[in-house]
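Heads up: the structure comes next, in structure tokens.
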Amino acid sequence: MLAKRIIPCLDVKDGQTVKGTNFVNLRQAGDPVALGKAYSLQGADELVYLDITASHEGRKTFTELVSRVAAEISIPFTVGGGIGALADVDRLLSAGADKVSINSAALRHPELVDEIATHFGSQVCVVAIDARCDDNGLWTCYLNGGRLATERQLFEWAHEVQERGAGEILFTSMNHDGVKTGFANEALARLSDTLTIPVIASGGAGALSHFRDVFTQGHADAALAASVFHFGEIAIPQLKHYLADNGIPVRLIEGKL
Amino acid sequence: MTVAIVKYNAGNICSVVNALKRLGVEPILTDDHDVLRRADRVLFPGQGEARQAMSYLREHRLDSLLVSLTQPVLGICIGQQLMCRHSDEGDTECLGLFPVDVCRFTPARHEDKVPHMGWNQVTALGQRPCQLFDGIAEAEYVYFVHSYYVPLCDFTVAQTEYILPFSAAIHRDNFYATQFHPEKSGDVGERIIKNFLNL
């Protein structure tokens, strides 16, 4: 059976991971490659590396990092942050990334989604959507890491990018992000039930049960989290066993080889 | 041991090169007929579209070369599909190494998303034991990304269930092929590549 995926997300600035990393005794906790490798050995199904560097020099460092990740890690990984044009996608895929995640650039230039799908295939094109729900239940999409509201609505936008050739949607609820009270399951279920491409849930993970609920209630195909993994609040093997015990198909890797 | 990767127009082979390097093998990426013929192992990976891939192979006369190879050959993903007789994708005549036709997934329920993407299990490994799966446990997980599949056939050596059971791997004589990406399947995939190199 197709497994539900667990995806740790690593923020990278100037070649170093940003958030805390006390889930395992790593000699180089700030090294994104060492950290990614540790997650991979623990049973992470994919990794996401987000470049939060603004400078040109940082971009170059990030590309070099992508090459190192590709050389050392044998599970799929997605890279995002600062992708504005097809040339960026080409550079990152050539460095060895399996998929790219675009967010603000897609909202500014939706045709970029079509171009990525045509040139490299839908399977490499993850469209990340940051959205906030207002008091009327309206989900508005935001640009620039949630700093700038747009005219776009979550559900319409998700369907538009699917039509344009996106391979997956990575939806972050700004209402839930960082609050650790669970994922936006209602909105996720509506996305998942009406889209034909996989949905990755992001924002809100704080407890084991939140991951169970995002699959059973939110109908997500994958769940992404950062701090609960980085700060060692939830260990991936523990999470996978918990999900398996709750009847959710997950990939368990311990003791198989 | 010389390991050659068939160079053609089907996508990113970076991850296959990296996986081989992790096993201490420096592969040669080539479309040179002599180099391919002399290699100890040939890998035929790729992501891409069947019709364009086949016309490229024909233009470079790699189609006749590939079917004439006698050393172990491993097709991966689109490589597996191209080794079959025909593909629904672009109504394409393929290499015909396996007398079976490639079909497109038809979702049976809404939850059945196409492409089939993610980690799924290889099963029925004991039905027709194949060295590719030496040391691999039944129902182990490997990584897939595909919209077309090879139906179950006499050459199936591993099955996976998604919408319906299909061929996760096929084997005939010196030709081996997997629908999944061993190069992206963690330790399990690494073991499968190692098994191929050790054939």
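Filtering segment A:238-257 to residues that are of a type outside the set (D, E, K, R) and more than 14 Å from chain B (Cβ to nearest Cβ) leaves A:Gln238, A:Leu239, A:His241, A:Tyr242, A:Asn246, A:Gly247.
Could you tell me which residue of segment A:193-221 is farthest from A:Leu107 (Cα to Cα), considering only residues that are within 14 Å of chain B (Cβ to nearest Cβ) and assigned to a helix (DSSP H, G or I)? Looking at residues that are within 14 Å of chain B (Cβ to nearest Cβ) and assigned to a helix (DSSP H, G or I), I get A:Thr216. Taken over segment A:58-78, the criterion of being in contact (Cβ under 8 Å) with a residue 12 or more places away in the chain and farther than 24 Å from A:Lys240 by Cα is satisfied by A:Gly58, A:Arg59, A:Thr61, A:Phe62, A:Thr63, A:Glu64, A:Leu65, A:Val66, A:Ser67, A:Arg68, A:Ala70, A:Ala71.
Summed over segment B:127-154, the residues that are assigned to a loop (DSSP other than H, G, I, E, B), within 12 Å of B:Gln179 (Cβ to Cβ) and within 14 Å of chain A (Cβ to nearest Cβ) give a count of 1. The residues of segment B:76-96 that are part of a loop (DSSP other than H, G, I, E, B) and closer than 25 Å to B:Ser15 by Cα, listed by number, are B:Cys77, B:Met83, B:Glu89, B:Cys94, B:Leu95. In this structure, does A:Arg190 turn out to be more than 14 Å from every other protein chain (Cβ to nearest Cβ), part of a helix (DSSP H, G or I) and either of a type in the set (A, V, I, L, M, F, W, C) or on the phi < 0 side of the Ramachandran plot (or both)? Judged against the criteria, A:Arg190 is not a match. Might you check whether a residue that is in contact with a Lys or Arg (Cβ under 9 Å, 6 or more places away or on another chain) and without any contact (Cβ under 8 Å) to a residue 24 or more places away in the chain occurs anywhere in segment A:140-151? Yes, the conditions are met somewhere in segment A:140-151.
Taken residue by residue, segment B:183-199 has no member that is of a type in the set (Lys, Arg) and more than 19 Å from A:Ser74 (Cβ to Cβ).
Taking the criterion of being surrounded by fewer than 19 Cβ atoms within 10 Å (Cβ to Cβ) and either touching a Ser or Thr at 6+ places or on another chain (Cβ under 8 Å) or touching a residue at least 24 places away in the same chain (Cβ under 8 Å) (or both), the residues of segment B:173-190 that qualify are B:Asn174, B:Asp187, B:Glu190.
A short reminder: the numbers here are calculations on the coordinates, not readings from a lab. From a predicted model like this one, the values you see are computed outputs, not experimental measurements. Because the Cβ atoms are built from the backbone with ideal geometry, glycine has one as well, and the counts that use them run over all protein chains shown.
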